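Chemist: I have a structure I would like to understand better, so I am pasting it below and will then ask my questions one at a time.
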Amino acid sequence: LFLKKRRNMSNDIQIPWDWYIIRTSALIGFLLLYLAIFFGTVSCLPGIKKYFLRLRSLNFHCWISLQALLFAMIHAIFLLFHQFIKFSFADVFIPFHSKFEPILVGLGTIVFYLMVILVVTSYARKYISQKIWRSIHFLNIILYIFSIIHAIYLGTDLKSGMMREIF
């Protein structure tokens with residue numbers, strides 16, 4: 001009888017798989033974004049050449065940026081499957097369209113589009129002028145600030161505790 005009750009109890013528990021994927025992809029994406037910005041900035045410092053080959057560090061920077069974009073995409077797509085807050089395609093991909101926290105969700109959407117622009121222009125760097133590429137790349141500052149605001153005020157893991165302190 002005890003085992004039967006235990007089995008029935010476990011069948012009633014619903015694991016919010018979508019929530020775990022949404023928050024994990026967001027945290028990994030932000031970590032990769034931080035690393036991409038860090039390596040991009042460090043690779044431009046004059047003394048770094050003796051520790052890293054500039055070409056390799058820039059290739060690593062571009063690869064990490066692409067991975068950050070992929071995790072941001074996973075984060076956005078799985079919001080469409082969220083069971084608790086129902087997001088539509090427009091809510092996720094049109095800035096400030098969401099009825100749930102429109103400003104904060106909109107900042108996340110803008111961050112995603114800025115990431116797309118920065119990654120595409122980084123891979124197309126040899127086809128555009130250095131001046132244009134550098135001007136576009138300064139959008140990283142806005143991207144990073146918006147992503148921090150989006151994460152701290154909207155992210156459930158960052159409301160308090162150790163994750164907020166690390167962030």
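The values are calculated or read from the model by the stated rules, or taken from the named source; none is laboratory data. Being a predicted model, the structure only gives us computed values, none of them experimental. Positions of Cβ are backbone-derived with ideal geometry, glycine not excepted, and every protein chain shown enters the neighbour counts. What goes into the accessible areas is simple: the full protein's heavy atoms, side chains included, and nothing from ligands, DNA or RNA. Shrake-Rupley method; radii C 1.70, N 1.55, O 1.52, S 1.80 Å.
Chemist: If a residue has to be under 12 Å from the mean Cα position of the chain (by Cα) and among the hydrophobic types (A, V, I, L, M, F, W, C) to count, how many in the stretch 101-127 make the cut?
Modeler: First, pick out the residues of the stretch 101-127 that are under 12 Å from the mean Cα position of the chain (by Cα): 107-116.
Filter once more, keeping what is among the hydrophobic types (A, V, I, L, M, F, W, C): 107, 110-112, 114-116.
So the count comes out to 7.
Chemist: Just one of ALA76, ALA124, ALA72 is touching a residue at least 40 places away in the same chain (Cβ under 8 Å) and either surrounded by fewer than 18 Cβ atoms within 10 Å (Cβ to Cβ) or on the phi < 0 side of the Ramachandran plot (or both); which is it?
Modeler: ALA72
Residue-wise test of (1) assigned to a helix (DSSP H, G or I); (2) under 16 Å from ALA151 (Cβ atoms).
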| site | (1), (2) |
| --- | --- |
| PHE84 | no, no |
| ASP91 | yes, no |
| PRO95 | no, no |
| ILE103 | yes, yes |
| GLY106 | yes, yes |
| VAL111 | yes, yes |
| LEU114 | yes, yes |
| LEU118 | yes, no |
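Chemist: A follow-up question, please. I'm checking my understanding of the structure. Among residues of the stretch 79-91 that are in contact (Cβ under 8 Å) with a residue 40 or more places away in the chain and either among the hydroxyl-bearing types (Ser, Thr, Tyr) or open to solvent by 50 Å² or more (accessible area, probe 1.4 Å) (or both), which one is farthest from TRP17 (Cα to Cα)?
Modeler: By that ranking, first place goes to PHE84.
Chemist: Applying the selection to the stretch 127-138, what residues are surrounded by fewer than 16 Cβ atoms within 10 Å (Cβ to Cβ), of a type in the set (A, V, I, L, M, F, W, C) and assigned to a helix (DSSP H, G or I)?
Modeler: ILE132
Chemist: Next question. Do we have THR156 as open to solvent by less than 40 Å² (accessible area, probe 1.4 Å) and among the hydroxyl-bearing types (Ser, Thr, Tyr) here?
Modeler: On the way: open to solvent by less than 40 Å² (accessible area, probe 1.4 Å): no; among the hydroxyl-bearing types (Ser, Thr, Tyr): yes.
The answer is no for THR156.
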